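The values are calculated or read from the model by the stated rules, or taken from the named source; none is laboratory data. In this text the structure is predicted, and so the values were computed from the model without any measurement. Reconstructed Cβ throughout: ideal geometry from the backbone, glycine too, with neighbour counts over all protein chains shown. Side chains are part of the model used for accessible areas, which takes the heavy atoms of the whole protein and leaves out ligands, DNA and RNA. Shrake-Rupley method; radii C 1.70, N 1.55, O 1.52, S 1.80 Å.
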Amino acid sequence: MRGYAAVAFGAILAGAVHASAGNGVVQWDIRRTQRQEELQRLNRRLRKRANPVLEVITNEKIRGGYFATCKIGTPGQDLTLQLDTGSSDIWVPDSAAQVCREIGTEGCALGTFNPNRSSSFEVIGEGQFDIEYVDGSSSKGDYFTDVFQIGDISVQNMTMGLGLHTDIAYGLVGVGYAINEAIVATTQSRDSVYPNLPVQMVDQGLINTVAYSLWLNDLDASSGSILFGGIDTEKYQGELTRIDIYPTSQGDFSSFVVALTSLEARSPSGQDTLTSQEFPIPVVLDSGTTLSYLPTDLATQAWKEVGAFYLPEVGAAVLPCDMENSKGSFSFGFAGPDGPRITVGMDELVLDMTDGQAPQFLSGPYKGRDVCQFGIQNFTSAPFLLGDTFLRSAYVVYDLVNNQIGIAATDFNSTDSNIVPFPSMGAPIPSATVAANQREVTRVPTVTEPAYSASQGFMESASGEESLAPGMPAAWGMGQLLVVGVTMALTALGSGLFFVL
Ligand SMILES: *[C@@H]1O[C@H](CO)[C@@H](O)[C@H](O)[C@H]1NC(C)=O
Ligand SMILES: *[C@@H]1O[C@H](CO)[C@@H](O)[C@H](O)[C@H]1NC(C)=O
Ligand SMILES: *[C@@H]1O[C@H](CO)[C@@H](O)[C@H](O)[C@H]1NC(C)=O
Ligand SMILES: *[C@@H]1O[C@H](CO)[C@@H](O)[C@H](O)[C@H]1NC(C)=O
């Protein structure tokens with residue numbers, strides 16, 4: 001029998017921690033960004049950067065995300081860290097880091113680590129910690145070992161990075177493949193791999209295999225959970241299906257790449273199969289990314305379905321915020337025609353651009369309505385990303401030993417729980433069936449413009465009474481809209497800044 005802990009965290013900074021004992025799993029509750037903290041961070045960046053609007057978008061784009069609380073060191077210091085399936089190191093901002101010492105107390109509001117106040121702190125790699133994220137932000141410093149605590153579960157001798165020089169005001173918990181640790185890239189040597197959090201949990205007998213399940217829950221609900229070493233059968237609906245993770249061309253499994261093989265738009269008015277030259281599309285399931293990024297040909301069709309359009313000034317596809325009431329949805333198909341499908345409703349795909357008063361369309365067909373970002377954006381090259389806008393609608397199990405993903409439709413707001421641990425090292429995902437004929441992926445060699453028969457239905461609100469896009473033709477081109485001249489006012493972050501783009 002091994003330690004089990006169900007750890008529930010209340011408000012991020014309130015620090016109420018509950019834990020209970022059980023069987024080979026560790027549960028850690030996660031929360032979406034505390035809006036106030038995010039606001040402060042964005043405000044600070046706004047003051048520093050020349051182009052505030054672009055900065056805001058980039059920031060939202062790459063690191064929105066989910067946070068969890070922990071204690072590090074002896075005695076434990078409280079920190080709130082971002083959970084990231086797209087990286088593999090835990091790192092924390094040093095209390096003396098410049099970014100944490102900026103004006104007032106805003107810097108590093110989610111906590112910093114002061115090594116001088118931990119009796120169990122030990123530097124093991126001076127100057128060897130050096131990580132850079134997709135958005136160009138980075139953290140550098142030392143590798144150290146110390147105690148890492150989740151509730152009353154203590155992981156001893158955990159290797160972590162100490163961010164002495166960083167432009168990120170909070171730390172991260174990377175739970176990806178150990179081979180993807182920053183130290184491996186720095187030293188160019190696989191021998192540098194150390195046991196990262198999920199591996200260390202196995203080594204210390206807290207869980208049985210290197211695997212965990214992620215339940216992000218509803219956009220309107222602020223919290224979800226990560227369950228190390230098990231699955232919770234009450235957090236999804238229908239079948240849990242196992243699909244393959246794809247290795248790199250060198251044969252390494254280093255990130256959670258799966259095959260996206262179809263995308264359908266559905267609404268009360270009809271259904272369209274969207275096409276792309278890129279199918280089957282390698283997509284990374286990345287909890288550290290807020291939005292989802294698909295090839296431009298495919299994303300453009302999704303935009304037309306919902307009446308979103310690309311706004312070059314902010315580098316993102318936008319749409320009216322009230323489109324969150326649309327009855328339409330997108331169905332993402334994986335691993336071929338017999339593989340699992342995940343439906344994502346419009347209520348999960350319309351995101352605020354700022355925390356303050358929303359910007360408004362000043363002219364064009366959407367005049368007077370609030371501007372939001374669309375959850376499906378475009379990107380130029382593989383790998384593409386399915387971030388939180390997709391992941392919230394899915395219950396995803398990451399099995400890093402068998403290199404498989406278990407995926408099912410999420411059960412939003414489920415309060416029931418039935419936890420099934422992986423029984424042993426290398427055991428397959430419990431209660432899951434393998435997707436049939438995974439190699440027969442749907443290839444669509446040429447891009448055919450869909451009929452956009454779902455488009456009209458997307459424009460109808462949930463009540464079906466009001467039209468969300470009055471007078472708008474079912475499928476209108478982006479060109480048409482830009483001709484009418486879209487200008488946008490950004491009353492950014494309640495700070496009184498006013499931009500006309
Ligand atoms: C810890 O102590 C060292 C050596 O005295 C000092 O350079 C460093 O700034 C201290 N760190 C913090 C976070 O106070
Ligand atoms: C602590 O972790 C480091 C890095 O993984 C390892 O080299 C060392 O042997 C571990 N020490 C103990 C006491 O387990
Ligand atoms: C989940 O809970 C949130 C917050 O209580 C609520 O706003 C949302 O509508 C719920 N979602 C579903 C699908 O019931
Ligand atoms: C996204 O699409 C727009 C409009 O087609 C294009 O201008 C932009 O360069 C694309 N962005 C990327 C990253 O491919």
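Points to keep in mind about this one:
- Of all residues in segment 261-271, none are in a loop (DSSP other than H, G, I, E, B), more than 16 Å from ligand 4 (Cβ to nearest atom), open to solvent by 10 Å² or more (accessible area, probe 1.4 Å) and basic (Lys, Arg).
- Qualifying residue in segment 73-93 (condition: among the small types (Gly, Ala, Ser), within 30 Å of Tyr398 (Cα to Cα), modelled with pLDDT of 95 or more and open to solvent by less than 20 Å² (accessible area, probe 1.4 Å)): yes
- Note on segment 313-368: residues that are surrounded by 22 or more Cβ atoms within 10 Å (Cβ to Cβ), farther than 24 Å from Ser453 by Cβ and among the charged types (D, E, K, R) amount to 0.
- As a summary of the residue check, Val397 satisfies the conditions (1) part of a strand (DSSP E or B); (2) surrounded by fewer than 16 Cβ atoms within 10 Å (Cβ to Cβ) except for the one numbered (2).
The rows are residues; the columns are (1) open to solvent by less than 10 Å² (accessible area, probe 1.4 Å); (2) among the small types (Gly, Ala, Ser); (3) in contact (Cβ under 8 Å) with a residue 12 or more places away in the chain.
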site	(1), (2), (3)
Asp167	no, no, yes
Tyr170	yes, no, yes
Val175	yes, no, yes
Val184	no, no, no
Arg190	no, no, no
Pro195	no, no, yes
Gly205	no, yes, yes
Ser213	yes, yes, yes
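- Residue list for segment 379-391, filter: part of a strand (DSSP E or B) and either assigned by TED's automatic domain parsing to the domain that holds Gly86 or open to solvent by 40 Å² or more (accessible area, probe 1.4 Å) (or both): Phe379
- Failed criterion for Arg45 (all others in (1) at pLDDT 90 or above; (2) within 26 Å of the chain's Cα centre (by Cα); (3) surrounded by fewer than 19 Cβ atoms within 10 Å (Cβ to Cβ) hold): (1)
- Within segment 208-218, considering residues that are modelled with pLDDT of 95 or more and assigned to a loop (DSSP other than H, G, I, E, B), the one farthest from ligand 4 (Cβ to nearest atom): Asn208
- Residue list for segment 219-250, filter: in a loop (DSSP other than H, G, I, E, B) and surrounded by 17 or more Cβ atoms within 10 Å (Cβ to Cβ): Leu219, Gly229, Thr233, Lys235, Ile245, Tyr246
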